[in-house]
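One structure below.
The values are calculated or read from the model by the stated rules, or taken from the named source; none is laboratory data. Note that this is a predicted model, so its numbers are computed, not measured. Reconstructed Cβ throughout: ideal geometry from the backbone, glycine too, with neighbour counts over all protein chains shown.
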Amino acid sequence: MQGHGREVILGVGGGIAAYKSCDLLRRLQDIGYLVTVVPTPSSLNFVGAATWEALSGRAVTTEVFESVEEVRHVSLAKKAVFIIIAPATADLIARIAAGRADDLLTNVILAADVPVLIVPAMHPNMWNDQATTANVRVLRERGFHVLDPEVGALTSGDVGQGRFPETVKILESFAQLTKVKSDYLGKRVLVSAGGTREPIDPIRFIGNQSSGKQGYAVALQALRRGADVVLVSANASLPDIEGVRTIHVQTASEMHDVLHQEFAKCDLLVMSAAVADARPESMQDSKIKKDSLTSINLTENVDILKSLKEIKIKQVVVAFAAETSHDASAAKSKMLAKGADILYLNDVSGGDIFNSETTFGEIFTSAGTSYKVAKTTKDTLAQELLDHALHQLG
């Protein structure tokens, strides 16, 4: 799947019903979608670009030769997982059916390989005209999903089939076509990822091999399921996920402070970061010369999960245990000690897991159940952990 799973293009045709798509845009945002509006040039006579930019929080262009450096018709097509065209005028339907590419929206439609929902709105005579009927038939044969317009009063004062459908009907069709999970709507998910670094001097640090890939996978999958996601990333060389609020930290102390600030606001914490157990007692201001680097005095870092246990109210907590042996008894004890509701144990003794695209291990729950995880992708594990967490969230 392209994009991150909740990236929608809202194409707007040049009809009076364009103003009703403002409500459609807001409702899509309410159910966790990120929306880029691509209006036709003529539609700006009804709703201006400034309105769309204010509502979507994104830049709005109508022509291929605007923001050329972005190659917008290609970049938008790659990111989107769905296109809704609402309203679609008789002219816009005709241009799409003919394969025209004379504005940004029609270029995006040709460049995209995603489902397209077309929502016509026009005068009944135009809807029932043989040309429109033929164009709609062609689009449906090509796999486009075309809603029939409603019957009702129109701007012209006439009554007939051509009225823009209510937002709820459009969203019902959209939901049937996308089949995207939205079971985390209204949930706040806090994720930690990566590995902390404890500075020895301006050059050296104590660290670990965590790449952050598992935490980023959890954040992405939670976002795709509709959650409001905050990701606390420690030294991960991965791009930020659009739609996820990412807070970058370096040390265990910094991660501790951020997680304590965010924990009270979350429903679920997924603590996948590898946090250093200890740090140097003091950091040297200048590089330690090789012949002086004989020993480092360490002091223990605060156990972040244990400290969060003290302020936990109703949050569900998922912990991780990367060990060099598969010790189920130790995993259960760790889960209890840290106040976790779910713990994922994996054995990294063979050099697996870290910086890999795959993982394997065992999931333990506070209810006493456990589930073996055969070698799988980190995205799949993320989905499994979110499923278990959702069950505990009720």
- Considering 49, 98, which residue is within 27 Å of residue 141 (Cα to Cα) and of a type in the set (A, V, I, L, M, F, W, C)? 98
- Residues in the stretch 233-247: is at least one assigned by TED's automatic domain parsing to the domain that holds residue 308, part of a helix (DSSP H, G or I) and of a type outside the set (D, E, K, R)? no
- Query: Taking the condition outside any loop (DSSP other than H, G, I, E, B) and over 26 Å from residue 6 (Cα atoms), does residue 155 pass?
  - Reply: no
- Note on the structure: Condition set at pLDDT 90 or above and among the charged types (D, E, K, R), scope the stretch 52-66, selection farthest from residue 243 (Cα to Cα): answer is 53
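Residue-wise test of (1) surrounded by 15 or more Cβ atoms within 10 Å (Cβ to Cβ); (2) of a type in the set (A, V, I, L, M).
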residue	(1), (2)
261	no, no
268	yes, yes
279	yes, no
291	no, no
302	no, yes
308	yes, yes
318	yes, yes
323	yes, no
330	no, yes
- Message: Going through 165, 149 one at a time, which residue ends up being assigned by TED's automatic domain parsing to the domain that holds residue 27 and either within 30 Å of the chain's Cα centre (by Cα) or among the basic types (Lys, Arg) (or both)?
- Response: 165
- Query: For the subset of the stretch 67-95 comprising residues that are at pLDDT 95 or above and over 13 Å from residue 10 (Cβ atoms), which member is surrounded by the most Cβ atoms within 10 Å (Cβ to Cβ)?
  - Reply: 92
- Message: Can you confirm whether residue 189 is modelled with pLDDT of 90 or more and in a helix (DSSP H, G or I)?
- Response: no
- Message: Of everything in the stretch 309-332, what is assigned to a helix (DSSP H, G or I), in contact (Cβ under 8 Å) with a residue 12 or more places away in the chain and more than 19 Å from residue 210 (Cβ to Cβ)? Give them in sequence order.
- Response: 309, 328, 332
- Item | Qualifying residue in the stretch 43-64 (condition: under 23 Å from residue 150 (Cα atoms) and among the small types (Gly, Ala, Ser)) | yes
- Query: Do you know which of the residues in the stretch 38-59 that are part of a loop (DSSP other than H, G, I, E, B) and under 21 Å from the mean Cα position of the chain (by Cα) is surrounded by the most Cβ atoms within 10 Å (Cβ to Cβ)?
  - Reply: 59
